[in-house]
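First comes the structure, then the notes that go with it.
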Amino acid sequence: MGRSRPHRGNRRRGRSGGARRRARTLTGTLVISRPGVGCVETPEGTFELARHGQREAMNGDEVEVALVEQRGRQPRAVVRSVVTRAVETLLGRFALAGPLGVVTPLDARIGHDFFVVPEDPSPDRLGVAEGDIVVVRITEYPTRRSAAAVTLERRLGSADELDLNVEAVVASYGLPGEFPASADAQAEKIFSRVAEDLAADPARRDLRQTLCVTVDPADARDFDDAVSARRLDGGGFELGVHIADVSHYVAPDSPIDNEAKRRTCSAYLVDRVIPMLPERLCNDVCSLRPGEDRLAMSVLMRLDERGGVLSARMTRSAIRSAARLDYDTVDEVLLDASRAPSEEIAELLRTLDEIRALRERVRRSRGAIDFETVEARVTLGADGVPTGVSVRRRTRATGLIEEAMLLANECVAERLAERDAPAAYRVHERPLPEDLRATLQPLRELGLLDAETTSGLLAGDPFALQRILALARGTDGEQLANALLLRAQRRAVYLPANEGHYALGAAAYCHFTSPIRRYPDVLVHRALGALIDGRIDGREMRAQAQVLPQLCRTCSERERAADAAGRASQKIKMAELFSSRVGERLSGVITGCERFGLFVTLDETCAEGLVPVRALGNEWFTYDEARMALTGEESGEAWGLGRRVCVEVVGTNVPRGQIDLALVRDR
């Protein structure tokens, strides 16, 4: 336990209080969390930066650091030199300072201003004015003796024309801008010629007469997966998953491929999509648009009456989607078939829903853990101003697509793993015991643990986690139990070898179903194509195997950045939405607790706000890390996870995506 407010006292200086003893040197990656605060990730561990230890380095740089060891404290890192620079271009605000131009980065973590020398013609050439947002290329990096210099490459617009808070997210997470001219030029020369491709490749199956549909969110623009299904005369089912054949159009080491390798995934922000592939491919040539012939990679699976897999065939194909459906429409059709575009499509959806129920049972029986997650998305008007919140929950419609994609991914991964094919496997490791142990006390207070379940939970037994989530379902603690156990999971990553997927209970797993927006799926498609063609040991696959470890690391890192950027942009617009709701009283539940306050998730919007500890009352509060609770030392009142509260919106910090709340106590 510890107090939520630190004691103040005299600091002792001298040898016993923290004199420098010795310094050793390591090389690692600098990660800045906020200006002046960060850490250095090295093969020997992660070390926090010492005060003023960043020096001339910037976020993402490979740096050489000295570890300053002090008695009674963990070693701190001080940058000695920069080995490799990570940032070459950046986004910033232009200003004038006498004869010089000054660019202040929108990414506050960079910590340096950059100068444009008087003889640089780029400001005049681009017509840049005071306050404009610009893309710049660094020509001289900062040193201890000299300032940094840049040249302007592009004017994005004035501060009034752009949403600077979201632009700052783009800059802070290093998301890419426009495609290189070489990639755009290559994309413009790519056309869909399905009839010609079928004639040129007799092994490609013509499935254009097979009834299939796409099912996506209502606001989706690219459609990379379609599904088909039918009941078999002798019992059981045939399930087809048809994925856009991106690898047919994107050759290894071509301009488009090299840019896709750099991006590794599409980023979905609150107001835009930053795609992995040029728009001509992702929204046209590769997109499985209804009524249009498209090339695909198909997985045709035969299932028994219980949903077990009897066989799976992978083939290059050509398909024609019969309809573009959204999740809401599918849910409506499952309740009322008359809402379907046709009786054939209604029957297809009923069959897919039957397969969904069977596959859910199959996966549960082998230990798969299905977390009930809720996704809150801010809706925007044409002017970018938030208008409301759309809350998405798992439904039968989302479930039937999810089960089809999961099964296709498993079947492909199993086939590739059998041949030890060089592909990017999706690996999820068992959670660490200490992370699971941290959930014990809150789960006990929710009444979800007995002795047997506790033992299983600590051992990472997936069936124990299943039991906890089943007990929580439909109770006030359901959301919290899911959140606690989800936080305890390790993050899934891409690896060049199959090591299974813990949460899915899958012996082999990969991402195959979204090559338009994920580069690992492109790698899997290439490996599967080589396997189909009998060239798995050929030159292309040997070349892929050589670069695969680094590609997997990069894809995992960029995926984390894109996900974090998406969440940050949503928080910014959520805070902007709540700026107009200051003074409103709302109900919610405590879903997080730290020494500095309580995090409350609001019922209606699933927005998260902070009740600072100072707003809990005029007394000292003790923080119980095991219980994740704050307790008043005088009143004895405890504020812990799962407690329902009424709060008032007292303010927002839009750039930080923060909503400030205060408790409303009964009078």
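Report the FRET efficiency, 1/(1 + (r/R0)^6), for Asn653 and Asp184, where r is their Cβ-Cβ distance and R0 is 35 Å, rounded to 0.05. For R0 = 35 Å, the calculated efficiency reads 0.35. The stretch between Asp284 and Thr42, if pulled fully straight at 0.36 nm per residue, gains 82.8 nm over its current Cα-Cα span.
Net length available on complete extension from Glu584 to Asp271 is 110.1 nm, with 0.36 nm assigned per residue and the Cα-Cα distance removed.
Using the Cβ of Ala346 as centre and a radius below 15 Å, the other residues enclosed give a net charge of -3, where K and R count +1 and D and E count -1. Diagonalising the gyration tensor over the Cα atoms of the range 435-589 and scaling each eigenvalue by 5 before taking the square root yields semi-axes of 38, 25, 12 Å, largest first. Calculated FRET efficiency, Arg145 to Arg444, Cβ-Cβ distance, R0 = 51 Å: about 0.30 to the nearest 0.05. For the range 505-522, backbone nitrogen atoms closer than 14 Å to the point 7 Å from Asp420 Cα along Cα-to-C-beta are found at no residue. With each label modelled as a point 7 angstrom along the Cα→C-beta vector, the Ala199-Arg491 pair spans 5.0 nm.
In this label model, Asp206 and Ser338 are separated by 3.9 nm, measuring between points 7 Å along each Cα→Cβ vector. Less than 13 Å Cβ to Cβ from Ala376, Lys/Arg counted +1 and Asp/Glu -1: what total charge do the surrounding residues give? Overall, the nearby charge balance is +2. Each part gets one Cα centre, and for the range 130-176 versus the range 100-122 those centres are 7 Å apart. When you count the other C-beta atoms within 10 angstrom of each residue and take the mean per peptide, 308-318, 518-528 line up highest first as 518-528, 308-318. Only bridges with both residues in the chain count here: give the DSSP antiparallel percent, nearest 5. Bridges in the chain that DSSP calls antiparallel: roughly 90 percent.
Once the Cα gyration tensor of the range 553-595 is diagonalised, what are the square roots of 5 times its eigenvalues, in whole Å and ordered largest first, as equivalent ellipsoid semi-axes? If you can, show how the numbers build up before the last one.
Numbers: eigenvalues 176, 50, 10 Å².
Semi-axis lengths for the range 553-595 are 30, 16, 7 Å.
Its relative contact order, with pairs defined as Cα atoms under 8 Å and 6+ residues apart, puts the range 46-146 at 25 percent.
Relative contact order for the range 160-253: what is it in percent, counting Cα pairs under 8 Å that are at least 6 residues apart? Kindly include the intermediate steps, with their values, before the conclusion.
Values: 46 pairs, mean separation 13.4, N = 94.
The normalised contact order for the range 160-253 reaches 14 percent.
Computed over neighbours whose Cβ is under 12 Å from that of Leu162, the net charge equals -3, Lys and Arg +1, Asp and Glu -1. Placing a label point 7 Å from the Cα of Ala218 along the Cα-to-Cβ direction, the residues of the range 322-363 whose backbone N falls under 11 Å of that point are 326-329.
Can you work out D for the chain in µm² s⁻¹ from Stokes-Einstein, where Rh is the Kirkwood radius over C-alpha pairs, the temperature is 37 °C and the viscosity is 0.692 mPa s? Mind dumping the intermediate values first?
Numbers: Rh = 28.0 Å.
Rounded to a whole number, D works out at 117 µm²/s.
Placing unit charges on the Cβ atoms of the charged side chains and taking the dipole of the chain about its Cα centre, the candidate lying farthest along the positive direction among Met314, Gly592, Ala438 is Ala438. Within the straight-line cut-off of under 13 Å between alpha carbons, the aspartates and glutamates reachable from Lys261 are Asp253, Asp521, Glu557, Glu559, sequence neighbours fewer than 8 places apart in one chain being disregarded.
In this label model, Arg394 and Arg542 are separated by 4.5 nm, measuring between points 7 Å along each Cα→Cβ vector. Out of Ala97, Ala404, Leu469, whose Cα points farthest toward the positive end of the dipole of the chain (charges: +1 Lys, Arg; -1 Asp, Glu; placed on Cβ)? Comparing the listed Cα positions along the dipole, Ala97 ranks first.
Scoring 120-130, 626-636, 349-359 by mean Cβ neighbours within 10 Å over their residues and listing the highest first yields 349-359, 626-636, 120-130.
Considering only protein heavy atoms, what per residue accessible area in square angstrom results for the chain with a 1.4 angstrom probe? Walk me through the numbers on the way to the answer.
Values: 31920 Å² over 667 residues.
Accessible area per residue: 48 Å².
Taking 0.36 nm per residue of sequence separation and removing the Cα-Cα distance, the Leu96/Thr27 pair yields an extension gain of 21.1 nm.
The values are calculated or read from the model by the stated rules, or taken from the named source; none is laboratory data. Note that the coordinates shown come from a computational prediction; the quantities given were computed from them, not determined experimentally. Here the Cβ is made from the backbone with ideal geometry for all residues, glycine too, and neighbour counts use every protein chain on show. Ligands, DNA and RNA are stripped out before the accessible areas are found, and what is left, the full protein with its side chains, is counted by its heavy atoms. Shrake-Rupley method; radii C 1.70, N 1.55, O 1.52, S 1.80 Å.
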